[in-house]
Structure formats: structure tokens, C-alpha cells
Amino acid sequence: MTTSAPALSTDLRRWLAHLSDTGRLAVIREGVKLEHQLAAIAKRLDGRQAVYFPRPGGHDMPVVSGFMSRRGWIAEAMGVTESQLLQRFRQAAENPLPWREVPTGEALCQQVVQKGVDPREVLPIPTHSEHDNGPYITAGLVIARNPKTGAQNVSINRIQVHSKERMAILMLPRHLWAFYKEAEARQQPLDVAVVIGVDPLTLLASQAIAPLDCDELEIAGALHGAPLRVVKCLTNDVRVPADAEVVIEGRILPGVKELEGPFGEFPKYYSAREHREVIQVDAITHRRDPVFHTIVPAEMEHLLLGSIPREATLLAHLQRSFPNVLDVHLSVGGVGRYHLFVKIRKTHEGQPKNVICAAFGAHYDIKQVVVVDDDVEVHDPLQVEWAVATRFQADRDLVVIAGAQGSVLDPSTTVGQEFGENSAPPSHVQGISAKMGLDATKPVVYHEHVFTKVRVPGEDTEDLDALIDTSARVNFETGKVQR
Ligand SMILES: Cc1cc2nc3c(=O)[nH]c(=O)nc-3n(C[C@H](O)[C@H](O)[C@H](O)COP(=O)(O)O)c2cc1C
Ligand SMILES: [Mn+2]
């Protein structure tokens, strides 16, 4: 396995040039509208080509989208094959590499400094989905420091830009939220940087499910195979990737909330309009001629950035208790979050149900677990469905748990709930969900060939390139082959 990634994926512009050189980047004509049209085009090309929009909505700054929209591209950016992806990510997550700080003068992201400006005027921020409440930053890495320890954290959070100096942010109860609550308890704002336009591996590292106080920028360094160059923000102490395209410096204000949403989210539904925390903008810094990155919600770039680091963590978690767990996959149909497929080498009849229970506890988003044998490819949903069709019996192999915590963005968890003044139930009852596990494994011992998968000797090994005669044409009147 290669351990150092190729340099092209440690730099956004080189990665974009590489996609372009290999026919994977579509350049769209100038003047596309930021409202809906840009996202519509990016969505049409989702998973096929990244998209580059010069001068969208009359802005000088171009927008790029979809440069991480295939599993194979992400593996390529990491310098490994698809089958090594999870192992490589896990290795980096377990061996973070501290960053290296550079002075302001060496940081590309601070070449241009703007204060007192409206983000909507400086930046080409798209409005994505039909019912979105205006323009949203969807690919911003929010970096903050733990007020207690000073350790940094990185996450992507959707940010609604609704006035000159203020932006509303959705923080689910994870690390950024914990830092904010700590600052708020001291009646202090939480300093943040919103970093837009980073290299593919730093983007991926932002999604690591790491322990509190593990700075995900160090996981980015480990993925790069070299310490990430960072620089201190100009108006606060947050350290940001020095070569990022755009950085918005600001503070999440204590005790201030403004209405945010609706917004089309990863499950392909809208999340409700609610009061959310607010970022006060202090400065915008950027490279000369920067590129702005937007992620179209619920499309492949969004789903994969979340699902691959999660798969890596879930695999590590399950393997700690069950060494015979071989692989996991969060299916695209399950929006890369809700449906987990687990491959095991089963030795005891009860094992799959234990694995199911452990997976439910590994992440609250997981709603359905299917356990399959080692002759089933978990990354292929057709094979998993075949295993369910032929190895699963609902009265014997089904596990159901009622009333557990699920994803607050799963609309089916709201059925039967009272809706409050801003169309959402109170937060402590949001996302209550059943869990379902399916043991789709075959018995350890079975009669003769009852569970032997049909195969034809040679089906995997016959050399078709050598065997297919491309110059031959058949005369179907005579049945003879001609050349
Ligand atoms: C495109 C994208 C958008 C996201 N939007 C949000 C969001 O609005 N709020 C949120 O809490 N998490 C969001 N996430 C998920 C977090 O970024 C992710 O869970 C992250 O790993 C959390 O970091 P933490 O474990 O350090 O808290 C988003 C992820 C992606 C890829
Ligand atoms: Mn974290």
C-alpha cells in the first residue's frame, strides 16, 4: 500500500487541473445564475464530472463543485485502490501529524484582506434547492478552538448568509457544539474560521469521527504524508490551512439566535426553520484570484465525504469486538448515513445479532444494519439484496429496537409529533427512531449444496481480451466466420 499520497491531491488547484486533464471537469459558459441554476447544472453532472463556473452571477470569483463525487476519485486522491480506502483513512486517523505554522507573509489565503464587507458581495454564494431560505455556504470547514484546552476542531456546517455581518449556523451536538457551549457558559463568543476551498484530503479529513480535542487538520497532515501548513487568523487565534482559497474570520455569539432554514439536506428532504446560533463576521481573507467551492446538498460529493470516514471508524469500532468483521459499507440509497452493510466471516450462529447490536451503538444515525457473509460484496447493493432475498427469514433473523435515538434529519421520525411555532418539535424529542437489523448470513453448517453459491469454474479467470476475436464477422446465412 502506498503511504504518501501524490502531491496533486495536497493542492486543490493541482487536483482540479488533474481532473481537467483526464476529462473529469466540465467548464460551463460564463454568467450562470447563483440562484438554483448553478446547483442544477452541478447536480446534472453529479458523479460524472466536476464543474467549474467562471463568473457566476456576475462575480469575478469562479465556483467549483463535485471534485470528490466518486469513491474511485477519493481513493485516487489518497493514492490507494478502492479496497484500501478505509484502511488508509483509519491509519491516518490513528496517526495524526501535527501541523506546521507559517507567518502571514507566506500564507496564500491571506494575500487579500477585506473588512467591513458583505460576504454576499465578496463571495459567489449559491442558493441551492427550491425551498432553501437563501444563499448557503455548504463547503465551509468551520475551525474553532476548545476554550478549555486550546485544541482545535474541524467540521463542515451549513451556513446561511442572511445579512451583511451575520450568518446562521447549524451545529449538531458534536465537537463544535461542545466548544460553543463551553464559551457560552463563560458568556464569551467562540472564535471561528470558515475555510472554503481546501485540498481534497483536508476536505475528507474534516469528516473524521475523531475524539474530542483531536485536531482534524492533523489527520489531513497524516493523509498528505507531510505536516499541513497553517497560518494564524488575522483577527483571532484560530489556525487555518495556509493555502486555502477563502477564509471568513468571525465569532459565534453567546446567547444570540436567529431563524435559519428551511434547507434541503442530505436525506433529500428539507430541514425545518428554527432558531440557530449566529456567526458575526470580522474579516474575509483570500488568495489572489480565489476559487469558491460549493457542495450540492444530498449529491454524491456530500454523501461520500461523510460516508467514507464514517465507514473507516465503524469498521475499526466493530473490529475491536469482532475480529471476524471484514468490511462495512454505508449504502448510497441509505444516504450514506442510515443503512450499514457488514461483511463477516461467521463462525457461530448468534454472531450476526451481536454485530447488529454493536453497530446500532456505534453511531446514532445508523437505522438499519444488514450482516452478510464473506462471499457477498458489501459495496454492491445488488449482492446485499440477493443475500437478504436468499438467506434471511423475518421471523428468525430480524432484530427491531423501538424508540432509540436516530437522525434528527430523518423525516419519518417526525410522524405523529406536535410541531412548535417554527415548524419543528422540541429538540429533546427530535429523531426518535426504531432500529432494524437483518441477519442475512447462511447457516455455519448446511446440507450438501443448499447454500453453495453457483459458480462456473473459470468465470473469473478466462482472459476475454485474448479470446474475443474482434476482427471476425459471422455470415449468418452460412454460419461461417469471415475476416
Ligand atoms: C457537506 C456537509 C455538510 C454538513 N453540514 C453539517 C451541518 O450543517 N451541521 C452539522 O452539525 N454537521 C454537518 N455536517 C457533518 C459534520 O461536518 C461531521 O459530522 C463532522 O465530522 C463533525 O465533526 P466533529 O466530530 O469534530 O464534531 C456536514 C457534513 C458535510 C460533508
Ligand atoms: Mn472533532
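Among residues of segment 177-203 that are under 22 Å from residue 108 (Cβ atoms), those with a beta-carbon under 8 Å from a residue that is surrounded by fewer than 18 Cβ atoms within 10 Å (Cβ to Cβ) at least six positions away or on a different chain give the pairs 191/237; 199/11. The condition of being surrounded by 24 or more Cβ atoms within 10 Å (Cβ to Cβ), without any contact (Cβ under 8 Å) to a residue 40 or more places away in the chain, under 23 Å from the mean Cα position of the chain (by Cα) and within 14 Å of ligand 1 (Cβ to nearest atom) holds for only one of 330, 340, that being 330.
Taking segment 143-153 as the search range and keeping residues that are within 13 Å of ligand 1 (Cβ to nearest atom) and out of contact with any helix residue (DSSP H, G or I) (no Cβ under 6 Å at 6 or more places or on another chain), which one is nearest to residue 193 (Cα to Cα)? Among them, the one singled out is 143.
Exactly one of these conditions fails for residue 380: (1) without any contact (Cβ under 8 Å) to a residue 40 or more places away in the chain; (2) within 18 Å of residue 75 (Cβ to Cβ); (3) crowded, with 24+ Cβ neighbours inside 10 Å. Give me its number. Evaluating residue 380 over (1) without any contact (Cβ under 8 Å) to a residue 40 or more places away in the chain; (2) within 18 Å of residue 75 (Cβ to Cβ); (3) crowded, with 24+ Cβ neighbours inside 10 Å leaves (3) as the failure.
Return the residue satisfying two criteria in turn: it lies in segment 296-351 and is among the β-branched types (Val, Ile, Thr) and either under 17 Å from residue 91 (Cβ atoms) or in a strand (DSSP E or B) (or both), and of such residues it is farthest from ligand 2 (Cβ to nearest atom). Talk me through it step by step, then tell me what you get.
Going through segment 296-351, the residues among the β-branched types (Val, Ile, Thr) turn out to be 296, 308, 313, 325, 328, 332, 335, 342, 344, 347.
Right, trim to either under 17 Å from residue 91 (Cβ atoms) or in a strand (DSSP E or B) (or both) and you get 308, 313, 325, 328, 342, 344.
Values: 308: 16, 313: 11, 325: 24, 328: 21, 342: 25, 344: 29 Å.
So, considering only residues that are among the β-branched types (Val, Ile, Thr) and either under 17 Å from residue 91 (Cβ atoms) or in a strand (DSSP E or B) (or both), the one farthest from ligand 2 (Cβ to nearest atom) is 344.
Kindly provide the set of residues from segment 101-127 that are over 20 Å from residue 139 (Cα atoms) and either touching a residue at least 60 places away in the same chain (Cβ under 8 Å) or in contact with a helix residue (DSSP H, G or I) (Cβ under 9 Å, 6 or more places away or on another chain) (or both), ordered by number. 101, 102, 103, 104, 106, 107, 111, 112, 113, 114, 115, 117, listed by residue number.
Per the listing 140, 134, the residue uniquely more than 15 Å from ligand 2 (Cβ to nearest atom), modelled with pLDDT of 95 or more, touching a His at 6+ places or on another chain (Cβ under 9 Å) and at positive phi is 134.
A single entry from 72, 79 fulfils the requirement of being touching a Pro at 6+ places or on another chain (Cβ under 6 Å), in the same structural domain as residue 288 (by TED's automatic domain parsing) and over 20 Å from residue 41 (Cα atoms): 79.
Let's see how each residue does on (1) aliphatic (A, V, I, L, M); (2) within 20 Å of residue 337 (Cβ to Cβ); (3) in contact (Cβ under 8 Å) with a residue 40 or more places away in the chain:
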site: 412; (1), (2), (3): no, yes, no
site: 415; (1), (2), (3): yes, yes, no
site: 426; (1), (2), (3): no, no, no
site: 432; (1), (2), (3): yes, yes, no
site: 437; (1), (2), (3): no, yes, yes
site: 449; (1), (2), (3): no, no, no
site: 459; (1), (2), (3): no, no, no
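Here residue 311 clears all of (1) closer than 22 Å to residue 145 by Cβ; (2) in contact with a His (Cβ under 7 Å, 6 or more places away or on another chain); (3) not assigned by TED's automatic domain parsing to the domain that holds residue 203 except the condition numbered (1).
The values are calculated or read from the model by the stated rules, or taken from the named source; none is laboratory data. Please read all numbers here as calculations on a predicted model, not as lab measurements. In this analysis, Cβ positions are derived from the backbone assuming ideal geometry, glycine residues included, and neighbour counts consider all displayed protein chains.
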